[in-house]
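A.B. asks: Handing you this structure, nothing more for now.
Every number here is computed from the coordinates shown, using simple stated rules; none is lab data. All values reported here derive from a predicted model rather than from experimental measurement. Note that each Cβ is placed from the backbone with ideal geometry, even for glycine, and that neighbours are counted across all protein chains shown.
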Amino acid sequence: MKHLHIINAHQYYQGIAEGKLTKTLAETTKTFCEDHGYTYSETIIEDGYDPAEEVEKYVKADYIVLHTPVYWFNTPWIHKKYVDEVFNTGLALSKLLKDDGRTRKDPSKNYGTGGLMQGRKMTMVTSWNAPEEFSGNKDQYLLSGKTADDVLYNVGVNYRFCGYEVLPNFHCFNVIKDPQIEMYLRDYRNHLEHIIK
C-alpha cells in the first residue's frame with residue numbers, strides 16, 4: 001500500500017495570501033489517497049513540527065507531496081527553515097542520507113549521491129500570481145524562456161540530494177488576478193492519477 005506524506009508550506013499574509021487554495025489542494029491530495037486506498041500523513045508547517053518526527057514520516061512515505069505558494073520566486077521562508085531542520089536531523093540520524101556521496105579516494109565525483117531515499121518520489125504543487133504565459137516563453141521578459149520548474153529547481157535538488165526522484169510538478173497560475181479553482185482542481189486530480197502509479 002502506498003503512503004504519501006503531504007506537506008503544506010503555506011505562510012499566512014493577511015489580505016494577500018490566506019492559504020485557502022493551498023489547503024484545498026492538500027485536501028484534494030488526501031481525498032485522492034482515500035479514493036485509492038493509500039495512507040497518508042500531513043504536516044502543516046505553520047502549525048509547528050518536530051524534526052525527528054518529520055524524518056520518520058519521510059522514512060515511511062513512498063511519495064512526498066509539497067504544497068506551497070510561490071513568494072518572490074521561491075517557497076516561503078518557513079519552508080526553507082523546515083528543510084534545514086528536518087534534513088539536518090535526517091543526516092544526523094543517518095536516516096535520509098549518510099553523507100554527500102563523495103569518497104576520500106576521489107572527492108570530486110559523486111557529490112549528491114549519499115542519499116538513502118532511493119525508490120521514493122516527490123512532487124511540488126505550487127500557486128503563482130504570475131500568468132502561465134510567463135513560464136517557458138522566450139518572448140516574456142522575466143524568465144527569458146525558463147520555466148516555473150526552472151525557478152524552483154533548487155527545491156527539488158534538496159530531495160535529489162537525499163535520493164528522491166523528482167516527479168513532474170503541478171503549477172496553478174494567475175491565482176489572484178484570475179483564479180480558476182475548478183480547473184486547478186480538475187487538472188490536479190488528473191496530474192495525481194498520472195504520476196502516482
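A.B. asks: May I ask you to list the lysines whose Cα is less than 17 Å away from that of LYS138, ignoring any residue fewer than eight positions away on the same chain?
C.D. replies: LYS146
A.B. asks: Hey, with R₀ at 22 Å, roughly what FRET efficiency would LEU93 and SER41 work out to, going by the Cβ-Cβ distance, to 0.05?
C.D. replies: Efficiency at R0 = 22 Å is approximately 0.80.
A.B. asks: Turning to a different aspect of this structure: Wrap a convex hull around the Cα atoms of region 3-195, take a quarter of its surface area, and give that in square nanometres.
C.D. replies: In nm², the orientation-averaged hull projection of region 3-195 is 12.0.
A.B. asks: Could you list the residues of region 161-197 with an amide nitrogen less than 18 Å from a label point located 7 Å from the Cα of LYS23 in the Cα-to-C-beta direction?
C.D. replies: Only 176, 181-182, 185 fall inside the zone, counting backbone N under 18 Å.
A.B. asks: Then there is this: Please rank TRP77, TRP128, fewest neighbouring Cβ atoms within 10 Å first, as an exposure proxy.
C.D. replies: Sorted ascending by nearby Cβ count, the order is TRP77, TRP128.
A.B. asks: Could you please rank HIS191, HIS67, placing first whichever residue has the fewest other Cβ atoms within 10 Å of its Cβ?
C.D. replies: HIS191, HIS67
A.B. asks: Which angle between 0 and 90 degrees, to the nearest 10, do you get for helix 77-92 versus the longest principal axis of the chain when only C-alpha atoms count?
C.D. replies: Approximately 20 degrees, to the nearest ten.
A.B. asks: For labels at GLU34 and ASN137 in the simple 7 Å Cα→Cβ model, what's the distance in nm?
C.D. replies: 3.8
A.B. asks: Using a 10 angstrom cutoff on alpha carbons, build the Gaussian network for the chain and name the most mobile of LEU93, LEU116, LEU66.
C.D. replies: Per the Cα network of the chain with a 10 Å cutoff, LEU93 tops the list.
A.B. asks: On a 23 Å Cα-Cα criterion, which of the cross-link pairs LYS23/LYS177; LYS95/LYS197; LYS30/LYS57 come out too long?
C.D. replies: LYS95/LYS197
A.B. asks: Quick check: the distance between the Cα centres of region 155-169 and region 1-62, to the nearest angstrom?
C.D. replies: A separation of 17 Å, based on Cα centres.
A.B. asks: Now a separate question. Sorting LYS138, LYS121 on the 10 Å Cβ count, fewest up front, what's the list?
C.D. replies: Least to most surrounded, the residues fall as LYS138, LYS121.
A.B. asks: List every residue whose amide H lies under 5 Å from the amide H of GLY163, counting only residues 5 or more places away in sequence or on a different chain, with H placed 1.01 Å from N in the peptide plane.
C.D. replies: GLY115, MET117
A.B. asks: Just for the chain, what percent of DSSP beta bridges are antiparallel, to the closest 5?
C.D. replies: 10
A.B. asks: To continue, here is another question. Taking the simple approach of a point 7 Å from Cα along Cα-to-Cβ for both ASP84 and ASN110, what is their distance in nm?
C.D. replies: My value for the distance between the label points is 3.0 nm.
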